[in-house]
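Take a look at the structure set out below.
The values are calculated or read from the model by the stated rules, or taken from the named source; none is laboratory data. Just so it is clear, the structure is predicted and the values come from calculations on it, not from any experiment. In this analysis, Cβ positions are derived from the backbone assuming ideal geometry, glycine residues included, and neighbour counts consider all displayed protein chains. In case anyone asks, the SASA skips ligands and DNA or RNA and just uses the protein heavy atoms, side chains included. Shrake-Rupley method; radii C 1.70, N 1.55, O 1.52, S 1.80 Å.
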Amino acid sequence: MIIKSERISLKHLLTVEALTDQEVMGLIRRGQEFKQGANWTPQKPQYFATNLFFENSTRTHKSFDVAEKKLGLEVIEFEASTSSVQKGETLYDTVLTMSALGVDVAVIRHGDENYYDELIQSKTIQCSIINGGDGSGQHPTQCLLDLMTIYEEFGYFEGLKVAIVGDITHSRVAKSNMQMLKRLGAQVFFSGPREWYDEEFEVYGHYLPLDELLEQVDVMMMLRVQHERHDGKESFSKEAYHQEYGLTVERAKKLQKHAIIMHPAPVNRDVELADSLVEGLQSRIVQQMSNGVFVRMAILEAVLNGKA
């Protein structure tokens, strides 16, 4: 059963910790409503959105494209490789330009952590900012679609056992998810290479070897190895990583029957996750991608509500 969501209004969406529990659940439920065919009634005849992606992306970028078009927004195309960024234009000036042109909301992915601080402090920039990922910082929209997927499966968070496994230090998805899952009452565990784990995460959960987690967790959340953030310094082969830290076919057999497998994608098949498990019966990876459109519709609606 979907409980009808309350109207959510946001000025920006930058981090998950800036959201209240009520706002988080409201966005999840509104995403479910959009998934069931709900419509949005805009406050004015025309809104403009732009997606400013300075790092490569398929799922986040294109699901925002689809979400914006489903809501009837006018999408202003932007490609960093053909823009004035190539002439040395800063992120601030790119967003300033979009705001001056009348863009209402800018979805931004950038390699710098907390890139948005300068933007939201500006008295001139009027467009709302949605963080599509900031370096190794946070990925709030991925977190919300993950939460929506878990909520669809179980209907609650309190007491669920969730394992976050892999390249945790470099993962903005992990940082956003561990914060919100703990806040919502889930019991969080970590696993993966010790050198990619930081003791500061202990406030959210506890590290255990992967084989000790298999039979007790409800959600097995695997993370992509962030090759682009390692500067080529990985000291393992793909085969060795898969055998030591990956969810192999043999390990998956030890999961509880009701347990689900998640991954933010793209999946390095046969590294973090056995190829045959990606679309297997316990996998919710495709569902995560689909839910990304609907929860991002809810986020866009909330930000545009805030502008109204």
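Over the range 140-286, what relative contact order in percent results from Cα pairs under 8 Å that are six or more residues apart?
Working: 239 pairs, mean separation 35.1, N = 147.
Over the range 140-286, the number comes to 24 percent.
3J(HN,Hα) along the range 74-79, derived from phi through the Karplus expression 6.51 cos²θ - 1.76 cosθ + 1.60 where θ = phi - 60°, amounts to 7, 9, 8, 5, 8, 10 Hz, with x in place of Gly and Pro. In summary, the aspartates and glutamates within cross-link reach of LYS123, defined as a Cα separation below 17 angstrom excluding same-chain residues under 8 places away, comprise ASP93, ASP104.
FRET efficiency for GLN22 and GLN256, Cβ-Cβ distance as r, R0 = 35 Å, nearest 0.05?
Values: r = 31 Å, r/R0 = 0.88.
Given R0 = 35 Å and the Cβ-Cβ separation, E is 0.70.
Taking the Cα centre of the range 102-169 as origin, work out the dipole magnitude from +1 charges on Lys and Arg Cβ and -1 charges on Asp and Glu Cβ, in debye rounded to 20.
Numbers: 3 positive and 11 negative charges, 20 e Å.
Value, rounded to 20: 100 debye.
When Rg and the Kirkwood radius Rh are both evaluated on Cα atoms of the chain, their ratio Rg/Rh stands at 0.97.
Solvent-accessible area per residue for the chain at a 1.4 Å probe radius, Å²?
Values: 13780 Å² over 308 residues.
The answer is 45 Å² per residue.
Label the range 101-151 by shape, choosing from rounded, prolate and oblate, from the square roots a ≥ b ≥ c of the eigenvalues of the Cα gyration tensor; if a/c is under 1.5 it is rounded, and otherwise prolate applies when a/b is larger than b/c, oblate when it is not. Oblate is the answer for the range 101-151, as a/c is 1.5 or above yet b/c matches or exceeds a/b.
Put simply, when 116-124, 201-209, 175-183, 9-17 are sorted by average Cβ atoms within 10 angstrom per residue, most first, you get 175-183, 9-17, 201-209, 116-124.
Quick one: pull the percent of accessible area on the range 24-120 belonging to carbon and sulfur, 1.4 Å probe, ligands and nucleic acids left out. In the range 24-120, the share of accessible area belonging to carbon and sulfur is 44 percent. Electrostatic tally near ALA80: other residues with Cβ closer than 15 Å to its Cβ, Lys and Arg +1, Asp and Glu -1, net -4.
Rg then Dmax, both in Å and based on the Cα atoms of the range 149-308: 15.9, 53.
What does the net charge come to around THR60 if you take all other residues with beta carbon closer than 9 Å to its beta carbon, with K and R at +1 and D and E at -1?
My count for the surroundings of THR60 gives +4.
The peptide list 48-59, 141-152, put in order of mean Cβ contacts within 10 Å with the highest first, becomes 141-152, 48-59.
Taking only protein heavy atoms and a 1.4 Å probe, the accessible area of the range 140-286 is 47% carbon and sulfur. Which pairs break 30 Å Cα to Cα here: LYS11/LYS35; LYS35/LYS238; LYS62/LYS238? Checking Cα-Cα distances, LYS35/LYS238 exceed 30 Å. Model label sites at GLN46 and GLU89, defined 7 Å from Cα along the beta-carbon direction, differ in position by 2.1 nm. Each of MET25, SER9, ASN39 was placed along the dipole of the range 1-131 (beta-carbon charges, centred on the mean Cα), and the one lying farthest toward the positive end is ASN39.
Tell me, in nm to one decimal, what length is gained between GLN126 and GLU215 on full extension, where the rule is 0.36 nm per residue of separation less the Cα-Cα distance?
Values: separation 89, 0.36 × 89 = 32.04 nm, distance 5.02 nm.
Full-extension gain reported as 27.0 nm.
For LYS161, the lysines whose Cα comes closer than 23 Å to its Cα, not counting residues fewer than 8 places off in the same chain, are LYS175, LYS182, LYS253, LYS254, LYS257.
Working from Cα pairs under 8 Å separated by at least six residues, relative contact order for the chain is 23 percent.
Distance from the C-alpha centroid of the range 244-300 to that of the range 107-161: 20 Å, rounded to the whole angstrom. Put a plus charge on the Cβ of each Lys and Arg, a minus charge on the Cβ of each Asp and Glu, and nothing anywhere else: the dipole of the range 140-286 about its Cα centre is then about 280 debye.
About its Cα centre, how strong a charge dipole does the chain have in debye, to the nearest 20, once Lys and Arg get +1 and Asp and Glu get -1 at the Cβ? Intermediate results must be reported in sequence, preceding the final value.
Numbers: 32 positive and 44 negative charges, 221 e Å.
Approximately 1060 debye in magnitude.
Between ALA80 and PHE236, the distance separating the two model label sites (each 7 Å from Cα on the Cα→Cβ line) works out to 2.8 nm.
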